[in-house]
Amino acid sequence: MTVKQLSLPELTEACARLGVPGVGLWREPVQAYGVEAAAKLVRDAGLAVTTLCRGGFFTTADGLDDNRAAIDEAATLGTDTLVLVSGGLPPGGKDLGAARERIADALAELAPYAAERGVRLAIEPLHPMYAADRCAVSTLDQALDLAERFPASQVGVVVDTYHVWWDDRAPAAVARAGAQGRIHSFQLADWTTPLPEGVLNGRGQIGDGCIDMRAWRERVDAAGYTGPIEVELFNDTLWTRDGVELLEETARRYAEHTL
């Protein structure tokens, strides 16, 4: 999504040339290209699919069927991690606790199905400003409370700097998740203000905002995470730029501010 202006062939070619070893894919462009064709494209480029995004949105009536399809797509792509954006309140709803229990019920249905296909479910907490409409899970502790009902090999969490940097309990939650082997994905995006209208596409380029990326990387390292690190930027201004140049800039920023 950081460079969604690139086609999948353009993306894989640029990543391979820059030495980026893997790519996190989103379902919509993969479905448009063809799931099996996308799997072959990435494989032939010598890359790994780090995660597939996204499942979740368990407040919709057809959520389970769509999530089973997402799990199947992840397995075809060769990734072991499906990222879940769990969904907010149902229409007219006001009970966040009930919404989280609905998420737990969905996980109970989906976790065994995913495990049979070698796919882990990774609950991503989103910043509280998204609690009503996109994700009732707002903190790493809330995500872990849900994940801990299931084996760590089946359900874990996503640590996304954009969503958790503000929470003074998040460092302890990272350690808690690491001790259980539940950090299934680590994503980077910076926090810049003012946020745009609608707030969704306001993630800042690494180094442009107020998040200490190196400190977060060191924190996740200390928790025992050794998996891939993704940069995931939703930003309308960045999407107007040349995609290859943006990818090159992102790789430089990652090295400068994270390593």
Can you go through Ala132, Ala136, Ala114 and tell me which one is closer than 20 Å to Glu230 by Cβ and at pLDDT 95 or above? Ala114
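Does Thr2 satisfy the criteria of being in a loop (DSSP other than H, G, I, E, B) and not aliphatic (A, V, I, L, M)?
Details: in a loop (DSSP other than H, G, I, E, B): yes; not aliphatic (A, V, I, L, M): yes.
Spelling it out, Thr2 is indeed in a loop (DSSP other than H, G, I, E, B) and not aliphatic (A, V, I, L, M).
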Can you name the residue in region 48-72 that is of a type in the set (D, E, K, R) and closer than 22 Å to Arg182 by Cα and is also nearest to the chain's Cα centre (by Cα) among such residues? Arg54
Index of the failed condition, Asp65 passing every other in (1) open to solvent by 60 Å² or more (accessible area, probe 1.4 Å); (2) under 20 Å from Glu245 (Cβ atoms): (2)
Scan region 114-144 residue by residue and report those that are out of contact with any Pro (no Cβ under 7 Å at 6 or more places or on another chain), touching a residue at least 40 places away in the same chain (Cβ under 8 Å) and farther than 27 Å from Thr76 by Cβ. Met129, Tyr130, Ala131, Ala132, Asp133, Ala136
Looking at (1) within 20 Å of Thr139 (Cβ to Cβ); (2) open to solvent by less than 10 Å² (accessible area, probe 1.4 Å); (3) touching a strand residue (DSSP E or B) at 6+ places or on another chain (Cβ under 7 Å), which one does Trp191 not meet, given that it meets all the others? (2)
Could you please find all residues in region 59-84 being modelled with pLDDT of 95 or more and among the small types (Gly, Ala, Ser)? Ala69, Ala70, Ala74, Ala75, Gly78
Out of Gly93, Gly56, Gly87, report the one residue that is in contact with a helix residue (DSSP H, G or I) (Cβ under 8 Å, 6 or more places away or on another chain) and either loosely packed, with under 14 Cβ neighbours inside 10 Å or at pLDDT below 95 (or both). Gly93
Where in region 212-259 are the helices (runs of 4 or more DSSP H), entirely inside, with at least 3 residues that are closer than 23 Å to Lys4 by Cα and either open to solvent by 30 Å² or more (accessible area, probe 1.4 Å) or small (Gly, Ala, Ser) (or both)? 236-239, 243-257
Which condition does Asp208 not pass, out of (1) in a strand (DSSP E or B); (2) open to solvent by 50 Å² or more (accessible area, probe 1.4 Å), if it passes all the others? (1)
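Take Asp105 and tell me if it is closer than 19 Å to Leu144 by Cβ and not aliphatic (A, V, I, L, M).
Details: closer than 19 Å to Leu144 by Cβ: yes; not aliphatic (A, V, I, L, M): yes.
Taking the combined requirement at face value, the residue satisfies it.
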For region 3-16, which positions are open to solvent by less than 30 Å² (accessible area, probe 1.4 Å), farther than 18 Å from Gln31 by Cα and not small (Gly, Ala, Ser)? Cys15
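Residues in region 68-84 that are assigned to a loop (DSSP other than H, G, I, E, B), of a type in the set (S, T, N, Q) and open to solvent by 60 Å² or more (accessible area, probe 1.4 Å): how many?
Step one: list which residues in region 68-84 are assigned to a loop (DSSP other than H, G, I, E, B), which gives 78-80.
Now restrict to residues that are of a type in the set (S, T, N, Q): 79.
Retained after the next criterion (residues that are open to solvent by 60 Å² or more (accessible area, probe 1.4 Å)): none.
Residues that pass the stated criteria total 0.
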Could you tell me which of the residues Ala152, Ala172, Ala111 is open to solvent by 10 Å² or more (accessible area, probe 1.4 Å), of a type in the set (A, V, I, L, M, F, W, C) and touching a residue at least 24 places away in the same chain (Cβ under 8 Å)? Ala152
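The values are calculated or read from the model by the stated rules, or taken from the named source; none is laboratory data. These numbers come from a predicted model, not from an experiment. Because the Cβ atoms are built from the backbone with ideal geometry, glycine has one as well, and the counts that use them run over all protein chains shown. Each accessible area value is taken on the protein alone, full model and side chains, heavy atoms only, with ligands, DNA and RNA left out. Shrake-Rupley method; radii C 1.70, N 1.55, O 1.52, S 1.80 Å.
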